[in-house]
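Below is one structure, written out as structure tokens; comments come after it.
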Amino acid sequence: MRIFVDSADVEEIKKLHELGFISGATTNPSLVAKSGREPREIYRELAEMLDHVSAEVVAEDAEGMYREGKELASIHPNIVVKVPFTPEGLKAVGKLKADGVRVNVTLIFSAAQALIAARAGADFVSPFIGRIDDIGYSGVEIVRETAKIFMLYDLPTEIIAASIRHPAHFIEAARAGAHIGTVPPAVIWKLLKHPLTDIGLEKFLSDWRKAQENRAG
Ligand code: E4P
């Protein structure tokens, strides 16, 4: 599973990118609104750093989504246009694909929606694990079913496990067959921490220092 950051905070994403394991970022209108910044600037800065930057349209009709998607894609070749799973969104997928624009269909809550989006031509589908859990179902199961169906029918669409809320979601998404997990920075920092790593390192370093002191004296 490749690892993306789910955020529009460019400084935070830069810090994580320096660690060497991040290959993309996903944003959404709420995350961009929270940043208080000009959306195009955010997308450009992120696309200069990462191979995949999902930028979401806010128009609600297919024609508007298409126009907005084309404009977003013109910012940088690494921009992937994010379109909501609605009938108008599906129409927009076809139009954007015909122009060679990569598309991520978002707000996916069932394997059926994922299959339909894939057949409409989506390059990526984003099932929302946490929000599915919130309504009493298993988000990870939707990822697992989707991965199985895509494999059975040899579909090239990639699954981006989204709405990852905690470290267990991350590893469960990987086990369920997600191609990509998009993870909020706070969850990534938690994944980087393990008490046994800290304890182990402390012991290695103190043994080393003791041996140096003994040799010296
Ligand atoms: C996906 O691309 C969305 O940006 C995101 O994962 C939504 O997560 P949330 O349900 O925690 O808001």
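Contact map, the range 193-217: residues that are closer than 22 Å to Leu19 by Cβ paired with residues that are part of a loop (DSSP other than H, G, I, E, B) and at pLDDT 95 or above, Cβ distance under 7 Å, separation 6+ or inter-chain. No pairs are found.
Listed here are the residues, each with its yes/no results for (1) among the aliphatic types (A, V, I, L, M); (2) closer than 19 Å to His179 by Cβ.
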| residue | (1), (2) |
| --- | --- |
| Asp51 | no, yes |
| Ala59 | yes, no |
| Glu63 | no, no |
| Lys70 | no, no |
| Pro77 | no, no |
| Lys82 | no, yes |
| Thr86 | no, no |
| Asp99 | no, no |
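So is Lys14 of a type outside the set (Phe, Trp, Tyr), touching an Asp or Glu at 6+ places or on another chain (Cβ under 9 Å) and closer than 17 Å to Ala162 by Cβ or not? When the stated conditions are applied, Lys14 does not pass them. Using the structure shown, decide if Phe109 is touching a residue at least 40 places away in the same chain (Cβ under 8 Å) and either within 16 Å of the ligand (Cβ to nearest atom) or touching a helix residue (DSSP H, G or I) at 6+ places or on another chain (Cβ under 9 Å) (or both). For Phe109, the condition - touching a residue at least 40 places away in the same chain (Cβ under 8 Å) and either within 16 Å of the ligand (Cβ to nearest atom) or touching a helix residue (DSSP H, G or I) at 6+ places or on another chain (Cβ under 9 Å) (or both) - is not met.
So is Ile135 of a type outside the set (Phe, Trp, Tyr), in contact with a His (Cβ under 7 Å, 6 or more places away or on another chain) and either free of Cβ contacts under 8 Å to residues at least 24 places away in the same chain or within 19 Å of Ala176 (Cα to Cα) (or both) or not? It is false that Ile135 is of a type outside the set (Phe, Trp, Tyr), in contact with a His (Cβ under 7 Å, 6 or more places away or on another chain) and either free of Cβ contacts under 8 Å to residues at least 24 places away in the same chain or within 19 Å of Ala176 (Cα to Cα) (or both). Taken together, the residues in the range 1-41 that are assigned to a loop (DSSP other than H, G, I, E, B), within 14 Å of the ligand (Cβ to nearest atom) and over 16 Å from the mean Cα position of the chain (by Cα) amount to 0. Between Lys193, Lys97, the distinction of being away from the ligand (no atom under 11 Å from the Cβ) and in contact with a strand residue (DSSP E or B) (Cβ under 8 Å, 6 or more places away or on another chain) belongs to Lys97 only.
Screening Gly89 on (1) within 16 Å of the ligand (Cβ to nearest atom); (2) in contact with a strand residue (DSSP E or B) (Cβ under 6 Å, 6 or more places away or on another chain); (3) within 25 Å of Ile3 (Cβ to Cβ) shows it passes everything except condition (3). Within the range 142-165, the set of residues being surrounded by 15 or more Cβ atoms within 10 Å (Cβ to Cβ) and charged (D, E, K, R) comprises Arg144, Glu145, Glu158, Arg165. Among the conditions (1) on the phi > 0 side of the Ramachandran plot; (2) out of contact with any Ser or Thr (no Cβ under 9 Å at 6 or more places or on another chain); (3) surrounded by 15 or more Cβ atoms within 10 Å (Cβ to Cβ), Phe170 misses just one, which is (1).
Of all the numbered requirements in (1) over 16 Å from Ile171 (Cβ atoms); (2) more than 17 Å from the chain's Cα centre (by Cα); (3) within 13 Å of the ligand (Cβ to nearest atom), Gly121 misses one, and that requirement is (3).
Just for the range 141-172: of the residues that are more than 14 Å from the ligand (Cβ to nearest atom) and among the hydrophobic types (A, V, I, L, M, F, W, C), which one is farthest from Ala25 (Cα to Cα)? If we take residues in the range 141-172 being more than 14 Å from the ligand (Cβ to nearest atom) and among the hydrophobic types (A, V, I, L, M, F, W, C), then Leu152 is farthest from Ala25 (Cα to Cα).
Within the bounds of the range 171-185, is there any residue that is of a type in the set (Gly, Ala, Ser), part of a strand (DSSP E or B) and under 22 Å from the mean Cα position of the chain (by Cα)? Yes, because at least one residue in the range 171-185 is of a type in the set (Gly, Ala, Ser), part of a strand (DSSP E or B) and under 22 Å from the mean Cα position of the chain (by Cα).
The values are calculated or read from the model by the stated rules, or taken from the named source; none is laboratory data. All values derive from a computational prediction rather than experimental measurement. Here the Cβ is made from the backbone with ideal geometry for all residues, glycine too, and neighbour counts use every protein chain on show.
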